[in-house]
Amino acid sequence: MEFVDLFDERKTTYTITDENAEKSSITIDKWAADTLQDLLPNVHHWVQEKYDLVCQKQPELTRREKGNVVRALARREAEKSPRYLRLMDFF
């Protein structure tokens, strides 16, 4: 990961099953998705688990708000990466 990657506007899309058992998707910043690929054995599974957890704990949120929570969790998890931490230590 390079510093410029943090400003990349590209996204990675993950297919999920929503709270109504319908297919849907969540997009995550590419830098975070790429970092999660290095950290986790199965990012699709992780995204689905987080979405399910948000639905369980905060069912009153809109679909977009639930997605925002999952995106925030993905960024937070990616920021634990040794590569990310080394990059931030540089600055």
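The simple spin-label model puts a point 7 Å past each Cα toward its Cβ; for T15 and N42 those points are separated by 1.5 nm. I need the Debye-formula profile for the chain: one equal scatterer per C-alpha, no solvent, reported as log10 I(q)/I(0) at q = 0.11 1/Å, two decimals. Rounded to two decimals, the profile gives -0.32. Entry note, the chain: the mean residue ellipticity at 222 nm calculated from DSSP H runs of n ≥ 4, each adding -39500 (n - 2.57), is -17000 deg cm²/dmol after division by the residues and rounding to the nearest 500.
Once the 1.4 Å probe is applied to the protein heavy atoms, the chain comes out at 66 Å² accessible per residue. In the context of the full protein assembly, D52 retains an accessible surface of approximately 80 Å², using a probe radius of 1.4 Å and ignoring ligands and nucleic acids.
Taking all Cα pairs closer than 8 Å and separated by 6 or more residues, the relative contact order of the chain comes to 29 percent.
The values are calculated or read from the model by the stated rules, or taken from the named source; none is laboratory data. Computed from a predicted model, the values in this text were never measured in an experiment. Glycine also receives a Cβ, built like all others from the backbone with ideal geometry; neighbour counts cover every protein chain displayed. The accessibility values were calculated without ligands, DNA or RNA, using every heavy atom of the protein model including side chains. Shrake-Rupley method; radii C 1.70, N 1.55, O 1.52, S 1.80 Å.
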